[in-house]
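The block underneath contains the structure these notes are about, expressed in structure tokens.
The values are calculated or read from the model by the stated rules, or taken from the named source; none is laboratory data. All of these numbers come straight from a predicted model, not from anything done at the bench. Note: ideal-geometry Cβ built from the backbone for every residue, glycine included; neighbour counts use all protein chains shown. For accessibility, only protein heavy atoms count, side chains too; no ligands or nucleic acids. Shrake-Rupley method; radii C 1.70, N 1.55, O 1.52, S 1.80 Å.
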2 protein chains.
Amino acid sequence: MNSTIETLLSHRSIRSFTEQSILPEQLDTILDCGLAASSSSFIQCVSIVHVQDKESRAKLAQYAGGQPYVESCAEFFVFCADFHRHQEIHPQAQLGFTEQTLIGAVDAAMVAQNCLTAAESLGLGGVYIGGLRNNPQPVTDLLALPKHVIPLFGLCLGHPAQTPEIKPRLPKSIVVHQETYQALDKEVLTRYDAHIQAYYATRTDNKKAASWSDQITQTLSKEARPFMQEFLQRQGFNIK
Amino acid sequence: MNSTIETLLSHRSIRSFTEQSILPEQLDTILDCGLAASSSSFIQCVSIVHVQDKESRAKLAQYAGGQPYVESCAEFFVFCADFHRHQEIHPQAQLGFTEQTLIGAVDAAMVAQNCLTAAESLGLGGVYIGGLRNNPQPVTDLLALPKHVIPLFGLCLGHPAQTPEIKPRLPKSIVVHQETYQALDKEVLTRYDAHIQAYYATRTDNKKAASWSDQITQTLSKEARPFMQEFLQRQGFNIK
């Protein structure tokens with residue numbers, strides 16, 4: 001155990017922040033850590049839009065489905081897959097491949113995760129805002145993202161005004177498979193479901209009575225942003 | 001500056017490993033750190049296949065386009081987007097949405113980045129193997145991945161037998177945009193291109209004479225794994 005591992009293991013999403021700002025040199029360090037992440041074939045197809053304007057924040061909070069911490073956090077970032085700069089450099093670049101969407105999503109997430117880890121190591125906290133994908137076109141318009149750039153998710157950072165319990169994750173024996181894919185162990189799942197139910201019943205905020213399986217069933221009974229494929233294609237992704 | 005930030009800033013991909021193994025308790029900790037990452041809507045759609053079998057490793061090294069460190073590293077993992085377990089729990093789950101591919105890619109990358117950061121904090125090193133996507137179907141067959149599971153990338157971990165220079169990343173002023181997307185600053189790019197050219201000319205291994213713009217132009221003149229869309233659809237992703 002070392003302090004990096006302690007930081008990683010004590011991650012919880014922070015949705016309530018004090019008014020304290022993040023020092024410019026801390027912000028610089030956080031972003032430097034992000035950019036130090038691996039980049040697939042050194043393509044460097046990630047852009048980060050740093051949004052501080054109050055009106056823009058209010059709009060983004062609304063686009064994300066009404067998430068007030070998008071407004072109240074000290075710093076807000078939108079992580080994007082970006083092949084626009086590559087097209088600027090090489091106008092005949094072969095773009096639009098589904099593979100490039102995967103590269104963009106994977107690389108942006110690695111950059112973002114480094115930013116969050118760095119922030120948490122400094123005593124800051126944050127939460128990802130996947131809800132921006134509820135309204136990808138309005139987000140794209142607001143941030144003036146050109147073709148070949150897509151917003152993937154947001155990240156709120158600030159000084160935590162809460163210490164939520166750590167949400168128990170699926171057991172390693174379910175997530176990590178040895179040598180080949182292993183069938184779901186229903187007994188382990190049943191114990192995990194009970195564990196999650198107890199967690200929700202006893203946590204201080206936002207109590208509910210649901211197992212993980214209940215939640216999954218509810219979430220996946222609905223369509224998942226069915227407009228996404230069309231949006232991506234409009235922005236020049238997933239065409240071929 | 002703290003030790004976590006030092007770890008993140010000193011990242012370099014390690015492709016040469018000693019024979020020393022990783023202790024089982026270290027491996028446990030690394031995976032626990034991975035699982036502690038954020039999960040979009042708590043869907044937990046990531047699976048990790050831990051591959052130690054020598055024959056499987058040799059095949060994966062070949063599928064990745066001949067990357068010998070897939071065989072020689074102490075531990076090898078394949079990170080997957082996995083909605084199979086959700087379908088086991090909820091047979092009528094609405095799957096196949098492009099949005100779910102994004103969630104899978106983003107969440108798997110965050111899990112993996114936590115694993116790599118934890119490993120690096122322990123003095124270990126690693127490299128991601130996106131090359132597995134050269135042959136996604138053979139990888140899928142080898143690991144017996146069912147429908148609704150796709151292999152995204154591999155991760156080699158071990159004790160470093162090299163200390164490569166850190167590759168200079170695109171300047172923050174290009175990657176980080178203030179408020180809205182900013183046009184590419186060609187002067188900053190020209191300086192970065194010169195910087196990368198000098199880096200390649202002076203590094204000890206694998207010298208070459210290319211700017212970043214040269215590399216991008218070369219990489220993006222070719223099709224990017226044009227079979228990916230069809231593969232994803234066969235596995236039940238990107239259908240709608």
Sort out which residues of the range B:44-60 are within 15 Å of the chain's Cα centre (by Cα) and of a type in the set (A, V, I, L, M, F, W, C), and write them in order of number.
B:46, B:48, B:49, B:60
Which listed residue is open to solvent by less than 10 Å² (accessible area, probe 1.4 Å), of a type in the set (A, V, I, L, M, F, W, C), assigned by TED's automatic domain parsing to the domain that holds residue A:59 and out of contact with any Phe, Trp or Tyr (no Cβ under 9 Å at 6 or more places or on another chain), from A:108, A:118:
A:118
Unmet requirement for residue B:137, which otherwise passes all of (1) more than 7 Å from chain A (Cβ to nearest Cβ); (2) farther than 30 Å from residue B:21 by Cβ; (3) surrounded by 24 or more Cβ atoms within 10 Å (Cβ to Cβ):
(3)
Could you list, in sequence order, all residues of the range A:209-220 that are over 30 Å from residue A:104 (Cβ atoms) and either in contact with a strand residue (DSSP E or B) (Cβ under 8 Å, 6 or more places away or on another chain) or within 7 Å of another protein chain (Cβ to nearest Cβ) (or both)?
A:213, A:217
Give the residues of the range B:184-208 that are among the aliphatic types (A, V, I, L, M), closer than 20 Å to residue A:88 by Cα and more than 8 Å from every other protein chain (Cβ to nearest Cβ), sorted by residue number.
B:188, B:194, B:196
Filter pass, residue A:225 being modelled with pLDDT of 95 or more and within 18 Å of residue B:238 (Cα to Cα):
yes
Selected residue (criterion: farthest from the other protein chains (Cβ to nearest Cβ)) from residues of the range B:44-57 that are open to solvent by less than 10 Å² (accessible area, probe 1.4 Å) and closer than 30 Å to residue A:224 by Cα
B:45
When you go through (1) open to solvent by 50 Å² or more (accessible area, probe 1.4 Å); (2) under 30 Å from residue A:225 (Cα atoms); (3) part of a loop (DSSP other than H, G, I, E, B) one by one for residue B:204, which number turns out not to apply?
(2)
Options B:230, B:223; residue that is closer than 20 Å to residue B:65 by Cβ, within 10 Å of another protein chain (Cβ to nearest Cβ) and not in a loop (DSSP other than H, G, I, E, B):
B:230
Would you point out which residue out of A:233, A:218 is surrounded by fewer than 16 Cβ atoms within 10 Å (Cβ to Cβ) and within 30 Å of residue B:178 (Cβ to Cβ)?
A:233
In the range A:86-105, which residues are open to solvent by less than 10 Å² (accessible area, probe 1.4 Å) and out of contact with any helix residue (DSSP H, G or I) (no Cβ under 7 Å at 6 or more places or on another chain)?
A:96, A:100, A:104
For residues that are hydroxyl-bearing (Ser, Thr, Tyr) and open to solvent by 20 Å² or more (accessible area, probe 1.4 Å), scanning just the range A:1-37, find the one that is farthest from the other protein chains (Cβ to nearest Cβ).
A:18
Count - residues of the range A:150-179 that are of a type in the set (Val, Ile, Thr) and open to solvent by 50 Å² or more (accessible area, probe 1.4 Å)
2
Restricting to the range A:86-127, and then to whatever is within 19 Å of residue B:105 (Cβ to Cβ) and of a type in the set (Asp, Glu), can you tell me which residue is farthest from the other protein chains (Cβ to nearest Cβ)?
A:107
Which listed residue is open to solvent by less than 10 Å² (accessible area, probe 1.4 Å), aromatic (Phe, Trp, Tyr) and within 10 Å of chain B (Cβ to nearest Cβ), from A:76, A:83
A:83
Can you tell me which residues in the range B:58-73 are touching a residue at least 60 places away in the same chain (Cβ under 8 Å) and either part of a loop (DSSP other than H, G, I, E, B) or open to solvent by less than 10 Å² (accessible area, probe 1.4 Å) (or both)?
B:60, B:64, B:65, B:67, B:70, B:73
Sort out which residues of the range B:164-190 are of a type in the set (S, T, N, Q) and either assigned by TED's automatic domain parsing to the domain that holds residue B:97 or touching a helix residue (DSSP H, G or I) at 6+ places or on another chain (Cβ under 7 Å) (or both), and write them in order of number.
B:173
